[in-house]
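Report on one structure; see the data block that follows.
The values are calculated or read from the model by the stated rules, or taken from the named source; none is laboratory data. Note that this is a predicted model, so its numbers are computed, not measured. Cβ placement follows ideal geometry from the backbone for every residue including glycine, while neighbour counts extend to all protein chains displayed.
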């Protein structure tokens, strides 16, 4: 079992962040630009958050989310609906789906089908959400990077981009001090593969996500906006301590386009998600790192 030492992680995070920020500013011909106050205009939801509600009432749940004000849906399963049916329902509520989570096994077994589904629904990204528990060695990560590159090349021909979503295990320190996430980010082609940063799981692992936004500019078009309590529990956005204002200040550098709220097990279904929506809607942040990428 991996042990988590908060104090040592914090020191590493501070060092990496300071070094990356300094390097990025030094490399820019403009230095750090004038901050601009921004808000999240298009708020999305990873529908895994309401998987039970979606299974019980697919259309009714989407109707509630549209009424709250959500505009973007990231799917994690279609609950027996065809791609054409999903597109029709979304269109009816004025919603769109930029992305879906598709297991690595499906990518390996029937990528063409997944690309066709994405194209029908109008999705821009196919996101691998996790890796099998027995495929997380350094060699496995190398193979996964190769798979993502091959899939990305094929998907690009159809106007779809491959992406990867992290948990915390990708940051486990393995042989030689290496971590799997660094293999995925460094060994995939930036023109073929992008990333969806899960802010809760990066924090859980003890890593500052901004280090990666600076190291791999423009490769983070999607975020999972999830909060964490001081006790380490996943909570509604706005009920925890994660500093979204600071994280979002890297929007231009990281390439953020889609902000998907997520809670793996919300306490009160749609009401909990609505609380997170309102917290995110009211957030204002300075887009500090307006560096070219």
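Assorted remarks:
- Residues (surrounded by fewer than 21 Cβ atoms within 10 Å (Cβ to Cβ), outside any helix (DSSP H, G or I) and in contact with a helix residue (DSSP H, G or I) (Cβ under 7 Å, 6 or more places away or on another chain)) located in the stretch 107-131: 122, 131
- Members of the stretch 234-293 found to be within 26 Å of residue 190 (Cβ to Cβ), out of contact with any helix residue (DSSP H, G or I) (no Cβ under 7 Å at 6 or more places or on another chain) and assigned to a helix (DSSP H, G or I), listed by number: 244, 246, 248, 251, 252
- Condition check for residue 67: at pLDDT 95 or above and loosely packed, with under 13 Cβ neighbours inside 10 Å: yes
- Of all residues in the stretch 64-76, those satisfying the criterion of being closer than 17 Å to residue 224 by Cα and part of a loop (DSSP other than H, G, I, E, B) are 70, 71, 76.
- Answer residue from the stretch 153-179, given it is out of contact with any helix residue (DSSP H, G or I) (no Cβ under 8 Å at 6 or more places or on another chain) and surrounded by 21 or more Cβ atoms within 10 Å (Cβ to Cβ) and is farthest from residue 221 (Cα to Cα) among those: 165
- Just so you know, in the stretch 148-190 the residues that are assigned to a loop (DSSP other than H, G, I, E, B) and in contact with a strand residue (DSSP E or B) (Cβ under 9 Å, 6 or more places away or on another chain) include one that is nearest to residue 123 (Cα to Cα), and it is 160.
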